[in-house]
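Please treat every number below as a calculation from the coordinates, not as lab data. All figures in this text were calculated on a predicted structure; none of them were measured in a lab. For neighbour counting, all protein chains shown are included, and Cβ atoms are generated from backbone atoms with ideal geometry for every residue, glycine included.
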Amino acid sequence: MGTDNSNTTAARIIINDRSVETRKGQTILEAARNAGILIPTLCYHKDLSPSGSCRLCMVEIEGRRGQSAACTTEIDEAMIVRTETPDLFETRRTVLELLLRNYVDAGYAGTSRDETEFMRWVRHYDARLPEGVSPAARYEVAGDPNPFVWVDLNKCILCTRCVRACAEVQGRFVWGVGYRGDDAKIVAGLDSTMLDARCESCGACAAYCPTAHWTTKWRSPAAGPTGWWSPRAPTAV
Ligand code: SF4
Ligand code: FES
């Protein structure tokens, strides 16, 4: 009886003029990472199912119109991919500038905004708000009474990593996306508090957030003694 090796069959594709060996079923992002080629991401985390929502990982594929999300596009035999072009740079900068329009960091939690994954990409792509545009906070800072985790929806870019980490890593279903359009936001349960939504304060949401929307209170200067609780640390993105 034969062995089904369809998931391991090697296929070669070209990424940035380099021949790269891949496995069938891999995404472009996975193939690129295996080859040491960096594609920027925000909603993607290797521990979580892909959502393909942020559009930061866009790449160009020869013969296809427009740009494709590397984190959700599976490789095809003989695919030719470009991950760095002037158009892609502009796309990524635009994506980040749109996210910045709803991003406000009150700086209350002792985590420097420059340390976050989001701000690292903002700097890398030199994303800026237009002159005179200064987003206002839309939510109460530290708007949840959870004793362990600061919650500041003003820093949320709706990547949903927290929702997926809670469900897929912890097997809890505390978080979801509530409301629609401009009112869409991350909600606990039916928009209650974390504890009312049966949160166990595991810290997975904080650990997987690329903007430090969630910040563990033990890291805050206001939190008192440190070291008595720490979140589950995720592996690298
Ligand atoms: S809170 Fe963080 S992880 Fe959750 S959607 Fe917002 S930015 Fe993403
Ligand atoms: S990382 Fe691919 S769409 Fe967000």
Please list, ordered by chain and number, the residues whose modelled amide H lies under 5 Å from the amide H of residue 149; skip anything fewer than 5 residues away on the same chain.
217
Name the long-range amide H neighbours of residue 72: under 5 Å, sequence gap of 5 or more, or other chain; modelled H, no Pro or chain starts.
none
Let me spell out the model: positive unit charges on the Cβ of Lys and Arg, negative unit charges on the Cβ of Asp and Glu, origin at the Cα centre of the range 13-84. What dipole size does that give, in debye rounded to 20?
140 debye
Excluding same-chain residues fewer than 8 positions from residue 46, which aspartates and glutamates have a Cα within less than 18 Å of its Cα?
30, 74, 117, 168
Could you tell me the relative contact order of the range 93-223? Use alpha-carbon pairs under 8 Å, at least six residues apart, and round to a whole percent.
29 percent
Based on the Cα coordinates of the range 13-84, what is the per residue volume of their convex hull in Å³?
84 Å³
Quick check for you: which residues of the range 126-163 have the amide N under 14 Å from the point 7 Å beyond the Cα of residue 182 toward its beta carbon?
135-139
Run through the range 85-172 and list the GluC sites (Glu not before Pro) located in a DSSP loop whose Cβ has at most 15 other Cβ atoms within 10 Å.
131, 140
HN-Hα J couplings of the range 14-22 from phi, Karplus 6.51/-1.76/1.60, θ = phi - 60°, integer Hz, Gly and Pro as x?
10, 10, 6, 6, 9, 7, 10, 8, 9
Charge tally for neighbours of residue 96 with beta carbon under 12 Å away, counting Lys, Arg as +1 and Asp, Glu as -1, is +3
Enumerate the calculated ³J(HN,Hα) couplings along the range 64-71 in order (Karplus 6.51 cos²θ - 1.76 cosθ + 1.60, θ = phi - 60°), each rounded to whole Hz, writing x wherever the residue is Gly or Pro.
10, 6, x, 10, 10, 7, 5, 7
Take each of the peptides 171-181, 203-213, average the number of other beta-carbon atoms within 10 Å over its residues, and list them starting from the highest.
203-213, 171-181
Does the range 93-223 come out rounded, prolate or oblate by the C-alpha gyration tensor, with a ≥ b ≥ c the root eigenvalues, rounded set by a/c under 1.5 and, if not, prolate when a/b is larger than b/c and oblate if not?
prolate
